[in-house]
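Report on one structure; see the data block that follows.
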Amino acid sequence: MKKSLFITLFFAVTILFAQEKDKTLTIKQGTWNFGGGISLSVNNNESIRENGNLTGENLGFTITPKFGYAINNNLVIGLGTGYSYNKSSSDFNNDDAAENEQKIYSFSLIPYIKKHFGIGEKVSINLQGNFEYTRNWNDVFENNSSEYNYKSNNYFIGIRPGITYFINKNFALEAQAGSLGYSHTKSEQNNRSNSTKSNSFRFNLNTSSLSFGLSYYL
């Protein structure tokens, strides 16, 4: 349902602003833009079971700064970076021997090229070509004694569709959803001598990859 809602909204905005044929948005050559996004999530839960209570806590945040430069009208090249941290823990009956904790760290480097297509005075749809590299660390503590960790490298090359809406001359809201491209992942698990590799070609327009950000153009 969320997927259908986003697609419907996407085309509704496109049709609405496409009516302004004599005035279409142009990001002029030589324009710089700076932006990104930040998110924070906190969650606590408790599950009541026949043999006791299970409590859980989760804390996470993500920071994604980026900058770009228009090398031609409506054609922007840029670089994005990202850092995220997530900590989750569970405790069974407040028993130290039954407490588990997991920490996940992630760093991303994303050079990109973006082509805008003005469909109104303040709106453009765009296609962004990405090369993404992401490094993940996953540390797991079991029962406060056993520890092991995962490490993975992920590479993605592909295209992401999006919408840009200018609030005023300098500030714009940006949204992206879905992707079309190729992904390669290699992961290793220390202390257990396990490693895996995976390759995939993916196409999706689901809201699990929906992202919003604010950009400043000058």
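The values are calculated or read from the model by the stated rules, or taken from the named source; none is laboratory data. As the structure is a computational prediction, the values presented were derived from the model and not from experiment. Don't worry about glycine lacking a Cβ; one is built from the backbone with ideal geometry, like all the others, and counts go over all protein chains shown.
Of the residues making up the stretch 85-122, those that are over 21 Å from GLY68 (Cα atoms), modelled with pLDDT of 85 or more, in contact with a Gly (Cβ under 9 Å, 6 or more places away or on another chain) and not small (Gly, Ala, Ser) are TYR85, ASN86, LYS87, ILE104.
Restricting the stretch 19-40 to residues that are at pLDDT 80 or above and polar (S, T, N, Q) leaves a set whose member that is farthest from ASN170 (Cα to Cα) is SER39.
Within the stretch 170-179, the residues that satisfy the criterion of being modelled with pLDDT under 90 and either part of a strand (DSSP E or B) or surrounded by fewer than 16 Cβ atoms within 10 Å (Cβ to Cβ) (or both) are ALA175, GLN176, SER179. If only residues of the stretch 41-70 that are acidic (Asp, Glu) and in a strand (DSSP E or B) are counted, the one that is modelled with the highest pLDDT is GLU57. Screening ASN73 against (1) at pLDDT below 95; (2) closer than 15 Å to ILE27 by Cβ leaves a single unmet condition, (1).
When the stretch 189-217 is filtered for residues that are surrounded by 12 or more Cβ atoms within 10 Å (Cβ to Cβ), out of contact with any Asp or Glu (no Cβ under 6 Å at 6 or more places or on another chain) and modelled with pLDDT of 85 or more, the ones remaining, listed by number, are LEU214, TYR216, TYR217. Selection over the stretch 106-124 of residues that are closer than 27 Å to ILE63 by Cβ and either touching a His at 6+ places or on another chain (Cβ under 6 Å) or not in a strand (DSSP E or B) (or both) gives a count of 1.
Scanning the stretch 97-104 for residues that are in a helix (DSSP H, G or I) and more than 23 Å from GLY213 (Cα to Cα) turns up at least one hit.
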